[in-house]
Each structure stands twice: as C-alpha cells, then as structure tokens.
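Enquirer: This is the structure, below, for whatever I ask next.
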Amino acid sequence: MRFLVFLEHHEGRLQNDSLGVLGKAASLGDAEAVLLGTEVEGLAADAGRFGAQRVHVMDDVLLDKPLPQPRVDALETLLGEGAFDAVLFAASVLSADVAAGLAARLDAGLNYDLTDLAVEDGELVGKRPALGDSIYVDVGWSADPRLALFRSGTFEPAESGGKAEVQKLESRLQDFSLAATMVEQAHEESEGPSIEDADVIVAGGRGLGGPEGFAAVEELAKALGGAVAATRAVVDAGWYPYSAQVGQTGKTVSPKLYVAVGISGAIQHKVGMQSSSLIVAINKDPNAPIFEYADLGVVGDLNEILPKLTELVRARRAA
Amino acid sequence: MRPSDYPPPFDPNEFVVAPGEAEIEVGVLIVGAGPAGLACAIRLGQLLEGAPELADRLGDVPVAVLEKGRQPGSHLLSGAVVNPRSLRRLFDGRFRTGELPFYGRVEHESVYFLTPQRSLRIPTPPTMKNGGNYVASLAQLGRWLAERAEEGGATVLPETSGEALLVGDGRVRGVRTGDRGRGRDGQELGNFEPGSEVHARVTVLAEGTQGHLTGVALDRFGLQGENPQVWALGVKEVWKVGRPLDRVIHTLGWPLRAARKYREFGGSFVYPMGDDMLTVGMVVGLDYRDVELSVHGLLQELKTHPLLQELLLGGERVAWGAKTIPEGGFLSLPKRLHAPGLLICGDGAGLVNVPALKGIHYAVESGLLAAEAAFSALQRGETPGRRGALAGYDRALEESFVWKDLKLVRNMRPAFGRGLWLGGALAGAMTATRGAFPPGDSNTEPDADQELIRTDRAKSYPVADGKLTFDKLSSVFLSGNATRDDAPDHIRVQREVPQEIAELWTRMCPAAVYEVAENGVDVTPSNCVQCGAISAKGGRLTPPEGGAGPDYKVT
Amino acid sequence: MKIAVCAKYVPEATAARRIDPSTKRLDRSGEGALNPFDANAVEEALKLKDAAGEAEVVIVSVGPAKALEAMRRALAMGADRVVLVSDEAAAGSDLVATSRILAAALEREGADLVLFGQQANDGDGAVLWAAVADRLQRPLISQVAELEHADGKVRGKRQTEFGYDVIEAPLPAVIAVSDAINVPRYPALKGIMGAKKKPQETLSLADLGVPAEEAGEAGSRTTVRALNEPPARGDTQKIEDDGSAAETIVAFLQERKAL
C-alpha cells in the first residue's frame, strides 16, 4: 500500500506527531512524505531517517504561514496522479483543516480521531474511540484515496535510518485559498500552556489540605513541563482559579500524562480527564475511586512523595 | 438537640414583591409543569376552545406554564403506581388507556415484611390495593402531558423558575421569574439575564412538594392549617433487568427499625416498568431521629437483601433520583387553597394519600378543578382578584373524591408515630371502621422538632461496589445534574451548627450537598437535586436558576 | 449583513448515550438538543448582529425533523430564522456527504459570514467547517477565540500548539469558533415565547438540488466496520509508599516513555 504522510514542521524542526505517523505508515507499506512551506528542503533528510522513501517538497513563499487552504491545493495536485492509496495526518490545528478541506476537494473519505491503523485482509482499517472512550470502532473507507487523521501522540517516531529521494512539487494555488492571511503568528502567551493543550498535567484536590498545597503541585508541574489543574472541590473552596478546573463542569483534558494528587476521583472529575493516556494517582485513602482507573496508584502521603518526586524528575530531565 | 433549634436565614417576605411594569402578560399563569399544572393547562385549553371570546380577551398567551427544570419531567420523580381515573376524566375519552404513557397494568401485588435475611409475605392492606392501576414514570408522564398541553394551546416555558410572588392590593398579580447568570456572590456575570415580571389574571401554583412560592403564599395569605406539614424522603433507582418482574411489591420492616423511639416510618417499593426495567425505592418519614440515618444508604442496604438481589441479578442501574413527599395528609392541608388571584394544587397543597401511596391522580384532579374555577372567575362580570372569586375551587375539591379519600385516612400516618406495631394495629382499626375509630384527629409535629439521637446505623450501609450499590456522587451524576458550580447558593441553612446537626444533614441529603466541617457545615449547592429534604429538617430550599438540577428521564 | 450559523442536533444526556449495534452508529432515536458548542457560534453571531445594529442570523442544520424543536433554542436566544434540511436519504452521512448538503444549503442562503461551533459533542467530528469552506470556496479561520469584524473583513485570534495566531480574511468567509470565545446568553423569557413564531423552513435534498446518491451512506466515503471493547488500559497497579514511591513513579514514567 502506498501512503502519503503530511509532515508538519515548526521553526525548522519536523513535528514528532507527524514523524510518528510516518513511521507507522512505513511499517504498513511504502511511505512517502510531503513537505510544504518555505526553506523546508533541508528537512527532507530527516523525513528519510524516519521512514519516508520519497519526500515531495513544495518550497513557496505563499506557503510560508501555516494556513490550511493553500495546502489543500498543493495536495490536490500531488494526489491528482492517483498514485497514493492513503493520505495520513497527525492531528493539529493546521492538519485537521487541511485533511477535511482535502476530503471535500477530492470527495474522499476522512476518518478522524484514529488511535491505530491496520491492514486487514488487504483493506485499510482505522481504529478510533467513541462515547467518551468507552467503546472502540473499526472504520474503513469506500473510495480512494483514504484520508486518515490520527489523535495527537498516537505513534512514537522510530528512526529507521533510511534515505529519502526528494521530488519537487509545483502547484497553482487558488485565489480563495490565499485570501486568509496571517497577521501575527505563534505568539507565546505569558502563562504556560493552557491545560487543554498541555501534554502533562499535575492536578490537585482536597487532599492538598489548603491552597498552600498547590505550591508543591506547581513545582512538580514545572519540573515535568506541564500545566496545573484543580478539582471542583478546591476551586469551590477558593484554593485555585476556575480556569484550572477539570471535570464535568470544568474543562475536559486528554494529556499524555495526568498526575492526580490528593484527588478522590469521583465521576464528576473522572469524566474530565479519563482519556488521558497515562494516569498516576497519589492519595492517602486506599479506597479512593481514582485507584480504579489510575494506571499507577500510589497510596501514600503526598507531602512526602511530591518533593522527592519533583527532585527526581528534575534530575532525570537535566541528564 | 433538634434541627429546629437552628432555623434557616429565610424570610418568606423576601419573595413577595409589589408588581411593577408587566414585561409579559398572560391569561392564566401556572407555576410547575407537573401532573397538577399540566392537567390545569390541558383543561383550560379545552375550556377556552369552546369560549373563543374569552380566549381572545386573554391575549396572545392565554395559558403559560413555568417549569424550572430543563424540560417538563426533569424534576419529576415518583414510584409510581397511578390511578388513571383523573387522567381519563381529563381527556374525556380522547385517549384509550393503552395510549396513555403507562408501563402496564398492575396484575399482581405482594407486600412483604422484611428481616435482614428473610421476606414474609403479609396480606395487602386494603388501603394499598392497586387493582386497576398502572405503573408509570412520572418524568415520562410529565413530558407526555406537556406535549398535550402545548397541543391545546398552552405555552410551556422550561428553564424558568418562579422566584417571587407579585402581590398588589391584596391580590396575586403574577410571578417574577428568577435571574440567570449570576455568580457565586450574586454578581452579574457576562451573560446575566434578569428575571421577568409575568402578570396574569390567575396564578396557579403547582410546584410540587416543598413548593417555594406555595410556602410563600401560605404565609402571606395566612393559609396554613392547624397542623404543620410533614414529609418523607424517597430515593429510588431504575434498573434494566434480564427477567421481567410480574408484580408490584411493597415492603415494610427491615432495614427500618420498628421501635417507637426511632420514628422510622416508611418502606420500600419495587415496580415493574415494562419487560426489561424495574424501579426500586426507599421512602422514610423525615421525622426520623437518628443522626446516622441516610435514606440513600438504606436503599443501597435494601438492595443487598436476598429478595432484591434476586430481582436485580445481572441488571444494570440506569437512573437514580430523590424527592420528598408531603405526608401530613388531610390534617396538614392548608385552611384554604385559594386567595385573591391565586389557586394551589397538587403535592404543593399536600394532596397525598399516604397509606395508599397515591398523589398523582389527586394532583391531576386538583389541576382540573383549578382550571374550571379559573375559567369561571374569568367570565364577564367577575374578576379573579375579588375576594372569594376563586372559592369555587375549594368547594369543588371538598365535594370531590380527593377530599373523601384523604379524610378517610387522615389519622393513619400519625398513628405510625406510635411505632410500626401499634401504628399498624391502629391503621388496621381505622380501615375496618372507615375512619370512625379511633375517634378525633391526631396532630402532626414538625419534622425538625424531633429530638436527635445517635445509634451506629451508618456502619451497616454497604461500601459502594459500583455494580449493585452506589455512592452518592455517582448517583448525582446519573441524575443528569450539571448545575453550574459558580451559581449562587440557593440553599438557606445556618453554617455554624453543632457537629450533630451537620452530620444529620450530611447523611440526610441524598446528593452529598452537606459536609461536616470544622465549625459547622460546608455546602456544595451544585450537587443539589432539589429533593426538598433540607426544608423539613432545619433549612430551606429556594429555587436555583432555571435549568439547574437533575434532568430526570424515567423516574 | 447575513450570518449563517451551522448547528447540529445531537443526542441528549451523555450518560445515556448508546451505540446502536445494528447500525454500529450512535443511537439517535432518543431525544436530542442543540449541540452545546454551537451555542457559542449562535452567541457570536448575535454579538455581531448587536454590534452591527442590523443583520439577519440564520440557523442552518441538517438533521431529522425533530431537530426543529431543538433549533428553537437558537431562535429564543435571538436568531431570526431556521433552515433545516431534513431528508431520510441524508441519514448516515459522513463528512463528505454532510459537507455537500450543508454547502448547498449555505449557497442558497448566500451569507456574508458562516459560523461553526467548536465541535459536535456526539463525537462526529470537529472538522466539518474546513470541508464546507472548500466547497464554498471561501477563506477559513478556525479555532477562533476572539473575533473582530470591520470594513468587510474579519480577524480571528486562535490558540495553536505554538502560541496564538491572528488571521485576517475578507468577507464572505467561514469562521469556526472555539468554546473559549464567549459565554452564550440565556434566552430571555420573551425570546422563548417568541421563538415558535419565527420562520422555520424545512427543506428536502431535492429542494437543494442534491441527488439522493450524493447523500447518506450512498454519498459517504467512510464506513463503520465493527464495534469493539476498548483495549484494556493495561493492568492498573496500586502500591503503598514505603519510602520509595517517588522512585517507583519515575521508573514507571520512564518505562511508559512519559519522561
């Protein structure tokens, strides 16, 4: 099967998520990549190392900004020759719009929120969660090319050390595609990542004992490079702001790592974080409901564990 | 120590305001889209169809129904086994009984006396016989009735609470609806929407148990009867089951204690809902005395009994809810159920037959009669605001079967204040003599006046296993409650109360609203499912913003 | 100015949602409501209308006939009209088919601005706007958390993985808002009462000139093959701290590649 993988890049580096998808494609068939932007040709070698046999590059000032619609034009041109069976994307603000725009342009099926891909009886099958991750669905396509959008962080990149052939791509870009312009780009907010975008979240609950308890939570979050969240109970009590609240009546998050500190884990909280890839819970009550769904549950005193954990994490990351 | 030693910071006068500019004008305003309110709306629709001139005079919106829940049914909960007579009368043959939203006729019934391990079948008390009655979900019935009401021309307004009574010149002129979009401290948030003044020629209060404006009106117009109202708390679940239940079951005895000192009056019910569902509930009078009593806990304990385990085997819980039931009956009825421009119906008025466990058909009947009284008072040459204009309602009620039924059983519930055995014997005597013996009328005492005692009751509540037994928080979640966390606190209670009182409330509340804190009690109002228990035991529930609370579907 | 808001009717009560084993799709037979995320889009449209002094806000939806009642909430908030495309042949439409139908309805309206909410909360996707924008051949700004409108142009500020962007596009344009953009207003009582009287139009696929083969399952390009239990989360481990919990946690994180 011939796959085309949409590679994303930012400030001269290829993004891990799309490299992970590339590796998956390489494991299932022949993988090629497409790189769109300005001064991106240099990244083709990296694409080769991570599984691409060939990289199609379109280096054009009109593609300088990460806007989706001109990319749909470029991909339409590339796919026009009909050489690919499937086009794979790792979900991001940009790629989701590209994938959906492309689906409309080509009248092609797009399956999204996928967490896995397989070839079964010669057919491409996608796997995705549904109903709050309580059920998994096998999805397929009824036409070529097959478009697939993967949940962020689904695949880890794997270096296979290959070399990629570079092929130049040329495409006309439509007027309406170029009508939206970027006025300001990628400005960092002064605060850290918002909890919805964070890959790592350290959340505090009643077990912290008081607002001072959040100092240790913040330290750990900083050490892990993550954001701080809070349960409804502590927000109600005024220990932490509402913007950090996770749960049924707060935000829903799905980070790669969720560390729940002093949180009992009642369902009102659970529904806001249950799709986290990895859940670690620290609570002194062995009967706390959170232990039913935490991947690693630690029954112990958070006041003793947190400082030690923070120190160890700092040491590991520095190494 | 008694809960009434710590009365809530609540003054009904806060909720009576002079009418200002009418923002909305309607003909008849009904507060509450339950069986009483909707029966009233439906009957009015029928009457107005035959009186186009009056309908015209009533303006663009002749009949409006306010409902504080997300939709009609969201806040409705009952057993329920319904006597269909009033519904039949309401629809006057338009629907065959098979077309009413019932689950099925009661074909068999059993009453059991439970001990911790056994169930002893006892003869069904005559007051409880359910032949000819139907099992229903009140929430579903409410949704269905709301559709009929709208078909009949009524305007149903969900997510709208009735917050204050508009009273001018001694008569009720309408209702001011509640604000939406206030913050925890009452401040106006970005999407603040103030309540509106809805003016009406006749206001009908059909708010159900612990009705907010009903309490305000009884106070304002001096309508309270001689005996205070008393309540029971019912907590129930709906289960999907593998084997159909073929009978209606009631139980007495375990897990309640029979001795007089506990004052634990109540029992449980298990009703079939079609072939694949059933509902199980626990009802306990709120005059209980033990600080450690938890009706939710008792329900979970009840399910561990062999009789229940067999019925629930392999099943799955699909709904949970809680609500109070007025239990004072005839003796606690208000002096009058009308005032200038005002009518009071249903559970809000206390029209419940406790020994028969019936109230829905009385609600429907009272709504129907209220509609007729309002219609009369709106005719040319009469003004509903005139003193006595609506007295026809009380007269009609007194001549109806509602009155006869309630009068007959008036002393039964109070008899159980003497304990299960003596109470049962007295009740039996009352039934046999059709109310003649024992003679006289008993009195009721406010639930909050009961002296508290403490036993170690709590240690027998099962630890939630998530399959047969459940904790309160997951139950609140199942009720569909997603009330805004930063909404203003709608519960009036003293905060600095002794530990005993705090613990009483903590265990009492099925929704885990209260928690024992260092100096008293902590309140999490967003958990509240508006059952009304707190109002009976030392606090006072007021309506939160419209749309808050549970979203019952099959309770 | 005419603003079209694309709204979806989704099954109610997350707690009670089920997949229908026969169709392998979400059981939509029960009750439903206006997708809560679309309320943000309706609110943004109403804000633009309030600022402009005069504008028409039209709600466009593809769904079953009973969706009309749910769309009334938008009318109660202040929208002017509802257009519902309701056709049995449209049931089971995927992104390709739905975007085709929606685009046809939107072409018919000829709005200056087309707004979408952040996502449908029934798991059916958060990318519809990009497909619709392509069919309409209009510029697109998505994930907008702040929107400005002036001089025939719109500017949207949105959060991405790298910080925030500000993107500008000339009208007519397609905007998808994030739920951070506003807090939807409560319908005023008068609004609720007036909602039923506002125009509500139901169209069939034929009214839009969309052939039945291009809608529903026939017009879709994706399929649902099977339903499965979720993969086991892996064994949940529970340990008691004996002084070395911190080390155990770090080892665990490293093993699971989270550190």
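Enquirer: Please list, ordered by residue number, the helices (runs of 4 or more DSSP H) wholly in the stretch C:56-165 having 3 or more residues that are within 14 Å of chain A (Cβ to nearest Cβ) and within 27 Å of A:Ser134 (Cβ to Cβ).
Expert: Once the helices (runs of 4 or more DSSP H) in the stretch C:56-165 are filtered for at least 3 residues that are within 14 Å of chain A (Cβ to nearest Cβ) and within 27 Å of A:Ser134 (Cβ to Cβ), what remains is C:95-109.
Enquirer: Can we say B:Val295 is under 13 Å from B:Trp239 (Cα atoms), touching a residue at least 12 places away in the same chain (Cβ under 8 Å) and under 23 Å from the mean Cα position of the chain (by Cα)?
Expert: Against the criterion (under 13 Å from B:Trp239 (Cα atoms), touching a residue at least 12 places away in the same chain (Cβ under 8 Å) and under 23 Å from the mean Cα position of the chain (by Cα)), B:Val295 does not qualify.
Enquirer: Working only within the stretch B:522-544, note down all residues that are surrounded by 24 or more Cβ atoms within 10 Å (Cβ to Cβ), touching an Asp or Glu at 6+ places or on another chain (Cβ under 7 Å) and either over 20 Å from B:Gly321 (Cβ atoms) or of a type in the set (Lys, Arg) (or both).
Expert: Across the stretch B:522-544, the qualifying residue is only B:Lys537.
Enquirer: Still on this model: What is the one condition in (1) modelled with pLDDT under 95; (2) outside any loop (DSSP other than H, G, I, E, B); (3) surrounded by 14 or more Cβ atoms within 10 Å (Cβ to Cβ) that B:Thr444 does not satisfy?
Expert: (2)
Enquirer: Kindly list, by first and then second residue, each pair from a residue in the stretch A:300-313 that is within 18 Å of A:Glu212 (Cα to Cα) and without any contact (Cβ under 8 Å) to a residue 40 or more places away in the chain to a residue that is of a type outside the set (Asp, Glu) and not in a helix (DSSP H, G or I), limited to pairs with Cβ atoms under 8 Å and residues at least 6 apart or on different chains.
Expert: A:Asp301/A:Lys284; A:Ile305/A:Ile282; A:Ile305/A:Val298
Enquirer: Also, I was wondering about something else. Can you name the residue in the stretch C:168-200 that is facing chain B (nearest Cβ under 9 Å) and within 17 Å of the chain's Cα centre (by Cα) and is also surrounded by the most Cβ atoms within 10 Å (Cβ to Cβ) among such residues?
Expert: The selected residue is C:Pro184.
Enquirer: Of all residues in the stretch A:214-230, which are free of Cβ contacts under 8 Å to residues at least 60 places away in the same chain and either not assigned by TED's automatic domain parsing to the domain that holds A:Leu309 or not in a loop (DSSP other than H, G, I, E, B) (or both)?
Expert: A:Phe214, A:Ala215, A:Glu218, A:Ala221, A:Lys222, A:Ala227, A:Val228, A:Ala229, A:Ala230 - these are the residues of the stretch A:214-230 that are free of Cβ contacts under 8 Å to residues at least 60 places away in the same chain and either not assigned by TED's automatic domain parsing to the domain that holds A:Leu309 or not in a loop (DSSP other than H, G, I, E, B) (or both).
Enquirer: Here's a follow-up. Return the residues of the stretch C:11-37 that are in contact with a Lys or Arg (Cβ under 6 Å, 6 or more places away or on another chain) and not in a loop (DSSP other than H, G, I, E, B); say none if nothing qualifies.
Expert: Across the stretch C:11-37, the qualifying residues are C:Pro11, C:Leu34.
Enquirer: Could you list, in sequence order, all residues of the stretch B:221-266 that are modelled with pLDDT under 95, out of contact with any Asp or Glu (no Cβ under 7 Å at 6 or more places or on another chain) and on the phi > 0 side of the Ramachandran plot?
Expert: B:Gly253, B:Gly266
Enquirer: Examine the stretch B:300-316 for a residue that is at pLDDT 95 or above and within 20 Å of the chain's Cα centre (by Cα), and state whether such a residue exists.
Expert: no
Enquirer: Continuing with this model, one more query. For the condition at pLDDT below 95, buried (at least 16 other Cβ atoms within 10 Å of the Cβ) and either small (Gly, Ala, Ser) or under 21 Å from C:Asp38 (Cβ atoms) (or both), what is the one hit in C:Asp124, C:Asp165, C:Asp134?
Expert: Residue meeting the stated conditions: C:Asp124.
Enquirer: Let me ask something additional. Limited to the stretch C:237-253, what total is found for residues that are more than 7 Å from chain A (Cβ to nearest Cβ) and farther than 13 Å from A:Val280 by Cα?
Expert: 3
Enquirer: Another question about this same structure. Every residue in the stretch B:347-358 that is within 27 Å of B:Thr203 (Cβ to Cβ) and either assigned to a loop (DSSP other than H, G, I, E, B) or in contact with a Cys (Cβ under 9 Å, 6 or more places away or on another chain) (or both), please.
Expert: Hits for the stretch B:347-358 are B:Gly350, B:Leu351, B:Val352.
Enquirer: Let me ask something else. When C:Ile181 is evaluated against the numbered criteria (1) assigned to a loop (DSSP other than H, G, I, E, B); (2) free of Cβ contacts under 8 Å to residues at least 60 places away in the same chain; (3) not small (Gly, Ala, Ser), which criterion, by number, is the only one it fails?
Expert: (2)
Enquirer: Quick one: is B:Ala512 out of contact with any Cys (no Cβ under 6 Å at 6 or more places or on another chain), within 19 Å of B:Gly321 (Cα to Cα), surrounded by fewer than 23 Cβ atoms within 10 Å (Cβ to Cβ) and among the hydrophobic types (A, V, I, L, M, F, W, C)?
Expert: yes
Enquirer: Suppose we filter A:Leu62, A:Leu43, A:Leu102 for residues that are surrounded by fewer than 21 Cβ atoms within 10 Å (Cβ to Cβ), touching a helix residue (DSSP H, G or I) at 6+ places or on another chain (Cβ under 7 Å) and outside any loop (DSSP other than H, G, I, E, B); which single one remains?
Expert: The conditions single out A:Leu62.
Enquirer: Could you identify the single residue in A:Ile305, A:Ile263, A:Ile267 that is outside the structural domain of A:Asp133 (by TED's automatic domain parsing) and within 19 Å of C:Gly243 (Cβ to Cβ)?
Expert: Answer to the selection: A:Ile305.
Enquirer: Another one. Quick one: in the stretch C:207-229, which of the residues that are exposed (fewer than 14 other Cβ atoms within 10 Å of the Cβ) and without any contact (Cβ under 8 Å) to a residue 12 or more places away in the chain is farthest from A:Ala260 (Cα to Cα)?
Expert: Per the criteria, the residue is C:Pro211.
Enquirer: Scan the stretch A:111-147 for residues that are facing chain C (nearest Cβ under 7 Å), free of Cβ contacts under 8 Å to residues at least 24 places away in the same chain and farther than 17 Å from C:Lys24 by Cα and jot them down.
Expert: Matches in the stretch A:111-147: none.
Enquirer: Right, C:Gly219: under 24 Å from the mean Cα position of the chain (by Cα) and assigned to a loop (DSSP other than H, G, I, E, B) or not?
Expert: Considered against the rule, which asks whether it is under 24 Å from the mean Cα position of the chain (by Cα) and assigned to a loop (DSSP other than H, G, I, E, B), C:Gly219 comes out as yes.
Enquirer: If we scan the stretch B:389-405, do we find a residue that is surrounded by 15 or more Cβ atoms within 10 Å (Cβ to Cβ), under 26 Å from B:Leu252 (Cα atoms) and at pLDDT below 95?
Expert: Looking for residues that are surrounded by 15 or more Cβ atoms within 10 Å (Cβ to Cβ), under 26 Å from B:Leu252 (Cα atoms) and at pLDDT below 95, one finds at least one in the stretch B:389-405, hence yes.
Enquirer: Looking at A:Ala215, A:Ala294, A:Ala221, A:Ala229 in this structure, which one is more than 11 Å from chain C (Cβ to nearest Cβ), touching a strand residue (DSSP E or B) at 6+ places or on another chain (Cβ under 9 Å) and farther than 28 Å from B:Ala548 by Cβ?
Expert: It is A:Ala221.
Enquirer: At pLDDT 90 or above and either closer than 22 Å to B:Pro72 by Cβ or touching an Asp or Glu at 6+ places or on another chain (Cβ under 8 Å) (or both), is that true of C:Ala76?
Expert: Answer is yes for this residue.
Enquirer: Tell me which residues, restricted to the stretch C:33-57, are without any contact (Cβ under 8 Å) to a residue 60 or more places away in the chain and touching a helix residue (DSSP H, G or I) at 6+ places or on another chain (Cβ under 6 Å).
Expert: Across the stretch C:33-57, the qualifying residues are C:Ala33, C:Leu34, C:Ala55, C:Val57.
Residues are listed down the side, and each one gets a yes or a no for (1) farther than 30 Å from B:Gly480 by Cβ; (2) surrounded by fewer than 24 Cβ atoms within 10 Å (Cβ to Cβ):
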residue	(1), (2)
B:Leu337	yes, no
B:Gly348	no, no
B:Val352	no, no
B:Gly359	no, no
B:Arg386	yes, yes
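Enquirer: Just give me the residues in the stretch C:186-203 being at pLDDT 95 or above and in a loop (DSSP other than H, G, I, E, B), in sequence order.
Expert: Within the stretch C:186-203, C:Lys198, C:Pro199 qualify.
The values are calculated or read from the model by the stated rules, or taken from the named source; none is laboratory data. Small disclaimer: the values here were computed from a predicted structure and weren't measured. So basically every Cβ, Gly included, is an ideal-geometry build from the backbone, and we count neighbours across all protein chains shown.
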